[in-house]
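The values are calculated or read from the model by the stated rules, or taken from the named source; none is laboratory data. Every value quoted in this text rests on a predicted model; they were computed, and no experiment measured them. Neighbour counts run over all protein chains shown; Cβ positions are idealised from the backbone, glycine included. To get the accessible areas, we keep the full protein, side chains included, count just its heavy atoms, and leave off ligands, DNA and RNA. Shrake-Rupley method; radii C 1.70, N 1.55, O 1.52, S 1.80 Å.
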Amino acid sequence: MEALNIVIRGIFIDNMIFAYFLGMCSFLAVSKKVSTAFGLGLAVIFVLTITVPVNWIINENILKEGSLAWMGSAYETIDLTFMQFIIFIAVIAAIVQLVEMIIEKVSPALYGSLGIFLPLIAVNCAILGSALFMVQRDYTLVEATAYGFGSGSGFFFAIIALAAIREKLKYSNVPDGLRGLGLTMLITGLMGIAFKSFIGIVL
Amino acid sequence: MKFLREILDKQKPLFEKGGKFEKFYYLFEAQDTFMFSPNTTANNKGVQIRDAVDLKRMMITVVIAMLPCLFFGIWNVGKQHALSTGQELDLMAQILIGLKVVLPIVIVAYVAGGLVEVVFVVIRRHPLNEGYLVSGMLIPLVMPPTIPLWQVALASIFAVVIAKEAFGGTGMNVLNVALTARAFLYFAYPTNISGDVWTYFGDSTPADGFSGATALSLGAATTTGESSGELVAQLNQSGFSFMDMMLGYIPGSIGETSTIMCLIGALILVGTGVGSWKIIVSVFGGAYFMGIIFNLIGANDFMLLPAHYHWVIGGLAFGAVFMATDPVTAAQTEKGKWIYGFLIGVLTVLIRIFNPAYPEGIMLAILFMNVFAPLIDYYVVGANKKRRLKRATV
């Protein structure tokens, strides 16, 4: 039950985009077409669902203070939390490489349309953010997996909704200065207002 | 009418390219078309049937459909004023008080938003549309009667600039303009648009025993454990019987209290084909469906509220009839309209019951579904394509 709550929270209440404004770069850049956004959203879900639990295991068994106790009593006092950033990033980068290879093999069309943004998932702040939030909130392994999946799905819904809006806006007579990114920023803000409906819900 | 036409024709060269007032061409065009559009007139000889419905006619129809809500709202503001301050006022006095409160709000909303629109028309040189006649009327109807006028002006300007003109003007916006205005105030100045603001007091002080609670705040109180007991009984005790809420003798935003008046508006909209009955029906259906589900769960007293109460409480009827049916921001495919409306109803009841921070869910539910409407359309169209491709035998 707790895991389900975390998934729902990740999608609607603690949405990575609209509640924390993390992962904006790919959110703004890869949302011109629904099909591409759909692919990137799926890739983010996939990467998050894998990296968050993997990072959890590493954090619990190696990085946390006293977690090296399994190696012997001499290691009981070692605290490697200062390594969190670098280790988490390394794990994420490795897994993104894996995803890239899989997508290239399975769907070359999607691989082509995602372009540079697929490797850029590695530095997507939403991914590292999730890993750090997971540590901060003291999740268990199951909860961490649910959290990864939930926040990935939140990103997925946000980006396909934005892409659908932008496809529709192709036919609009937008003021010159706002064409492209300017208007997208405005839409993101307005979507944020709409998503505010869920902030404050206690599950 | 002929001499009017002649006067306008005489002025026309002044406003056309190279004329003296070239800049103001679209202002001229606006008043020209306001009176003479569509300018196809039936032939004198023989019988023709011509359907001349266009954007302007549609917008005027919506404004007419809103009038019952406006008139009732004006009277209700006065009535609630009399009730809460314990004065004995006759009908005329109540209406006068209502006029004194409501008219300035309507005028400010029209003037502030309208001026911004005119500036955009002149600078960007696009035609002036009647769209703002509707938004400018909707904004006052969803405001509490005690709202400061400068906030009405600010919200109207914000909504017109950010939610509409930035997207290219009428017909291009993603979010409903009037709801954006309200949401803007809701998050920017929460103390002026939530809590104890639903009754106009003026110079008088509230009578003894006046609580200032609304039906929704009573409901929300049961979810947070502040009060308990059967909600229907509580509502009846505080003057929110089903009939009262249906007719609208309750405090609330200016135009939304009366479900009956909203339904009259719905009849006008659906009868003239301006509003989509599918959306209206599915919003009510979605709310009822969710109400029944919560009845079955029944974890607190608000969940046990009979499902049809959700129809008359708060602004659900007003939102369903006038906001959700906005043809620009709603889903545009027929199947999409069912999904869109149903989800609005479901979300509204969800937010009401789960989110004590926002007692009323319809505003945010509609905004939320506005955001997802293009996506619904995208997938409905996609599914249709797939279905037809399957049928093709090439």
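For the reader, a short list of remarks on this structure follows.
- Meets criteria (open to solvent by 10 Å² or more (accessible area, probe 1.4 Å), in a helix (DSSP H, G or I) and of a type outside the set (Gly, Ala, Ser)) for residue B:94: yes
- Failed item in (1) more than 18 Å from the chain's Cα centre (by Cα); (2) open to solvent by 30 Å² or more (accessible area, probe 1.4 Å); (3) closer than 28 Å to residue B:139 by Cβ, with residue B:336 passing the rest: (2)
- Among the residues of region B:348-375, the one identified as open to solvent by 20 Å² or more (accessible area, probe 1.4 Å) and either hydroxyl-bearing (Ser, Thr, Tyr) or under 17 Å from residue B:280 (Cβ atoms) (or both) is B:358.
- Residues within region B:168-177 that are within 9 Å of chain A (Cβ to nearest Cβ) and more than 28 Å from residue B:358 (Cα to Cα), tallied: 4
- Pairs with Cβ under 7 Å, 6+ apart, first in region B:13-29 and touching a residue at least 60 places away in the same chain (Cβ under 8 Å), second open to solvent by 60 Å² or more (accessible area, probe 1.4 Å): B:25/B:16; B:26/B:125
To keep it simple, each residue is scored yes or no on (1) under 21 Å from residue B:141 (Cα atoms); (2) in contact with a Ser or Thr (Cβ under 7 Å, 6 or more places away or on another chain).
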site: B:60; (1), (2): yes, no
site: B:66; (1), (2): yes, no
site: B:77; (1), (2): yes, no
site: B:80; (1), (2): yes, yes
site: B:84; (1), (2): yes, yes
site: B:90; (1), (2): no, no
site: B:102; (1), (2): yes, no
site: B:107; (1), (2): yes, no
site: B:114; (1), (2): yes, no
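- Count of region B:334-382 residues which are touching an Asp or Glu at 6+ places or on another chain (Cβ under 6 Å) and either polar (S, T, N, Q) or facing chain A (nearest Cβ under 10 Å) (or both): 0
- Residue within region A:21-43 that is at negative phi, of a type in the set (Val, Ile, Thr) and open to solvent by 40 Å² or more (accessible area, probe 1.4 Å) present: no
- Among the residues listed as B:160, B:121, B:152, the single one being within 14 Å of another protein chain (Cβ to nearest Cβ) and closer than 21 Å to residue B:364 by Cβ: B:160
- Single unsatisfied condition, residue B:110 versus (1) more than 17 Å from residue B:179 (Cα to Cα); (2) in contact with a helix residue (DSSP H, G or I) (Cβ under 6 Å, 6 or more places away or on another chain): (1)
- Considering the conditions (1) open to solvent by less than 20 Å² (accessible area, probe 1.4 Å); (2) facing another protein chain (nearest Cβ under 8 Å); (3) closer than 16 Å to residue A:10 by Cβ, residue A:199 is excluded by exactly one of them, (1).
- Filter result for residue B:323 (under 18 Å from residue B:266 (Cα atoms), within 14 Å of chain A (Cβ to nearest Cβ) and open to solvent by less than 10 Å² (accessible area, probe 1.4 Å)): yes
- Selection within region A:178-191 - more than 7 Å from every other protein chain (Cβ to nearest Cβ) and open to solvent by 10 Å² or more (accessible area, probe 1.4 Å): A:179, A:180, A:181, A:182, A:185, A:189
- Inclusion of residue A:97 among residues that are more than 30 Å from residue A:31 (Cα to Cα) and either part of a helix (DSSP H, G or I) or open to solvent by 40 Å² or more (accessible area, probe 1.4 Å) (or both) is not warranted.
Matching residues to (1) in contact with a helix residue (DSSP H, G or I) (Cβ under 9 Å, 6 or more places away or on another chain); (2) of a type outside the set (A, V, I, L, M, F, W, C); (3) not assigned by TED's automatic domain parsing to the domain that holds residue B:272:
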site: B:309; (1), (2), (3): yes, yes, no
site: B:340; (1), (2), (3): yes, yes, no
site: B:343; (1), (2), (3): yes, no, no
site: B:347; (1), (2), (3): yes, no, no
site: B:352; (1), (2), (3): yes, yes, no
site: B:360; (1), (2), (3): yes, yes, no
site: B:365; (1), (2), (3): yes, no, no
site: B:390; (1), (2), (3): no, yes, yes
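- Enumeration of residues in region A:91-117 that are among the hydroxyl-bearing types (Ser, Thr, Tyr) and over 29 Å from residue A:132 (Cα atoms): A:107, A:113
- Unique match (being among the hydroxyl-bearing types (Ser, Thr, Tyr), more than 14 Å from chain B (Cβ to nearest Cβ) and open to solvent by 20 Å² or more (accessible area, probe 1.4 Å)) among A:171, A:139, A:147: A:139
- In this structure, residue A:82 does satisfy being at pLDDT 85 or above and either outside any helix (DSSP H, G or I) or open to solvent by 40 Å² or more (accessible area, probe 1.4 Å) (or both).
- Conditions (1) within 14 Å of chain A (Cβ to nearest Cβ); (2) over 15 Å from the mean Cα position of the chain (by Cα): number failed by residue B:180: (2)
- Residue pairs meeting the criteria (Cβ under 6 Å; at least 6 apart or on separate chains; first within 15 Å of residue A:131 (Cα to Cα), in region A:11-32; second aliphatic (A, V, I, L, M) and open to solvent by less than 20 Å² (accessible area, probe 1.4 Å)): A:16/A:126; A:22/A:16; A:22/A:126; A:23/A:16; A:23/A:126
- Any chance residue B:303 is open to solvent by 40 Å² or more (accessible area, probe 1.4 Å) and either aromatic (Phe, Trp, Tyr) or in contact with a helix residue (DSSP H, G or I) (Cβ under 6 Å, 6 or more places away or on another chain) (or both): no
- Given (1) more than 14 Å from every other protein chain (Cβ to nearest Cβ); (2) closer than 30 Å to residue B:220 by Cα, number of the condition residue B:391 does not satisfy: (2)
- Test set (1) open to solvent by 50 Å² or more (accessible area, probe 1.4 Å); (2) free of Cβ contacts under 8 Å to residues at least 60 places away in the same chain; (3) not small (Gly, Ala, Ser) - residue A:119 fails condition number: (1)
- Residue in region B:282-304 that is under 16 Å from the mean Cα position of the chain (by Cα) and assigned to a helix (DSSP H, G or I) present: yes
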